[in-house]
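In what follows, a single structure is set out as structure tokens and then discussed.
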Amino acid sequence: MDFKLSEEHKLVRDAARDFANTELLPGVIERDNKQTFPDELVKKMGQLGFMGIMVDPKYGGSGMDAISYVLIMEELSKIDASASVIVSVNNSLVCYGLETFANEEQKQKYLTKLATGEFIGAFCLSEPEAGSDATSQRTTAEDKGDHYIINGTKNWITSGGRADVYLVIAQTDKHKGSHGINAFILEKGMPGFDIGPKEDKLGIRGSDTHTLQFNDVKVPKENRIGEDGAGFRFAMKTLSGGRIGIAAQALGIAAGAYELALKYSKVRKAFGTEICNHQAIAFKLADMYVDIEAARHLVMKAAWDKDQGNSYDVSSAVAKLYASKVAMEHTVEAVQIHGGNGFVKEYHVERLMRDAKITQIYEGTSEIQKIVISRNLIKE
Ligand code: CAA
């Protein structure tokens, strides 16, 4: 077992770190304040190959592995979790979903543009009454022979207003339960496809989250992904990989907060010495370091499972569950170490604390990760 990163992986990590520090950092507070989507930065990330990290170069991707993906996600998320969620959804939900399950024509038409960042993708599963309980889709897709008619509402859709391509999960036959669900490729501007107002969020405020409304949207049959009824398995399989990305995001948020807290504790003085010399602070730093290292190992293990062709349903759920808990707990500690300054925006830790919360909610809440893990334990 080799825990060392290869030279290639180190180069990828350093490139992402450099981009995060030079390009994402300067405007991150303003984007968070004003809820501004990072249009130009997404284009630059496309040019760097970050929008199609694992996609085969024949479809315009970077052809890198999942280890590279999590290294990039961690570095971007240390600085800007809003930018990193756009990257994560585009890579592990939209590009992966299309590369793995779409036909050649669909890949040529959509994946080639999504992998280069020319297009942005959104993944539309959640509904007002089907967040955790994903089988209970209310959005319907009525089979009309050569096309489907889609009706319904999707909630909390990342990049909902900015995306060009939307992968939409809808029910075609409710009597068949999870086997009556399909996934479709929709394009912005299709008649009847309306984008609702932008959500005003606690965290990841630089990302773009919307409700989507479908009113008799006519979708050609060739836009269905895979066989009839394969949509639920498509969504579950895709989300397993998505959870690796969000686990890496949570890791990055935690590591970013820890690095800031460590630095601050070495310069801030109280009771005659730098605060890192007080055990009250030093023990917090030690706890943060241990938990972040543990989270990093779990994230790497899940990515490694994916690269090896192993099942990663459980390892991705384990990594996401743990890394998101660490992110939440230790961003709070990072604010505490900063004292009053931690409550002030220019010190960045309060934003990381707000951003951390969503990692325990999207792509399956922590409770959903426990369902996935425990069901697999019982099955074994
Ligand atoms: N791979 C392949 N197939 C899978 C699978 C997987 N990982 N997980 C389940 N399936 C299959 C099952 O084998 C089963 O097939 P059969 O009927 O043939 O046996 C079928 O799917 C139904 O499975 P379950 O009975 O387990 O389904 P369930 O209704 O009990 O739900 C669940 C399982 C894990 C709770 C699921 O509903 C779930 O993951 N919910 C959370 C949804 C979620 O993560 N939403 C996030 C939205 S996307 C997002 O957040 C993106 C963003 O913006 C950042």
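Report, to the nearest 10°, how far helix 7-19 tilts away from the longest principal axis of the Cα atoms in the chain, using its own Cα long axis and a range of 0 to 90°.
80 degrees
Around L239, under 12 Å between beta carbons, what's the net of Lys plus Arg minus Asp minus Glu among the other residues?
+2
I need the phi-derived Karplus couplings for the stretch 125-135: 6.51 cos²θ - 1.76 cosθ + 1.60, θ = phi - 60°, integer Hz, Gly and Pro marked x.
10, 5, 9, x, 10, 9, x, 6, 8, 5, 6
Where does helix 366-379 land angle-wise versus the long Cα axis of the chain, in degrees 0 to 90, nearest 10?
Here the helix axis deviates by roughly 70 degrees.
Return the aspartates and glutamates within reach of K176: Cα separation strictly under 16 angstrom, same-chain partners fewer than 8 residues apart disregarded; answer none if there are no such residues.
Output for K176: D133, E142, D143, E227, D228.
Mind running the shape call on the stretch 175-221? Use the C-alpha gyration tensor, a ≥ b ≥ c as the square roots of the eigenvalues: rounded below 1.5 for a/c, prolate if a/b tops b/c, oblate otherwise.
Cα axes put the stretch 175-221 in the oblate bin.
Sort out for me the Cα centre separation of the stretch 21-61 from the stretch 293-335, rounded to whole Å.
So the separation of the two Cα centres works out to 23 Å.
Given the stretch 7-120, what count of lysine pairs have C-alpha atoms under 14 Å apart, with each pair 8 or more places apart or on different chains?
Within the stretch 7-120, the lysine pair count is 4.
Using the 2.2 N^0.38 Å rule of thumb for compact globular proteins, work out how the stretch 128-185 stacks up: its C-alpha Rg over that value, please.
The reported ratio for this selection is 1.14.
Keeping every protein chain present and rolling a 1.4 Å probe, give me the accessible area per residue for the chain in Å².
Using a 1.4 Å probe on heavy atoms only, each residue of the chain averages 43 Å².
In nm², what is the average projected area of the convex hull enclosing the Cα atoms of the stretch 273-315?
The orientation-averaged projected area of the Cα hull of the stretch 273-315 comes to 3.6 nm².
Quickly rank 276-283, 36-43 as a protection proxy: mean count of other C-beta atoms within 10 Å, highest first.
So the peptides 276-283, 36-43, ranked by packing, come out 36-43, 276-283.
Run the count for the stretch 253-370, please: Lys pairs, Cα-Cα under 22 angstrom, 8 or more apart or on different chains.
Final tally of qualifying lysine pairs is 20.
What does the charge count near A302 come to, summing +1 for each Lys or Arg and -1 for each Asp or Glu among other residues with Cβ under 9 Å from its Cβ?
Here the charged neighbours net out to +3.
To check my understanding: the extent here is largest minus smallest coordinate of the Cα atoms along each principal axis. What are those three numbers for the chain, in Å, largest first?
If we take the Cα atoms of the chain, the spans are 78, 47, 38 Å.
Compute a Gaussian network model of the chain, connecting alpha carbons closer than 10 Å, and tell me which residue from I86, I195, I246 fluctuates the most.
I195
Would you work out the Kirkwood radius for the stretch 221-367? I mean one over the mean of 1/r across all pairs of different Cα atoms, in Å.
The answer is 16.5 Å.
For the stretch 122-228, what is the convex hull volume of its Cα atoms per residue in Å³?
That works out to 95 Å³ per residue.
The values are calculated or read from the model by the stated rules, or taken from the named source; none is laboratory data. Bear in mind the structure is a predicted one, so any value in this text is a computation, not a measurement. Note that we place each Cβ from the backbone using ideal geometry, even for glycine, and neighbour counts take in every protein chain shown. Ligands, DNA and RNA are stripped out before the accessible areas are found, and what is left, the full protein with its side chains, is counted by its heavy atoms. Shrake-Rupley method; radii C 1.70, N 1.55, O 1.52, S 1.80 Å.
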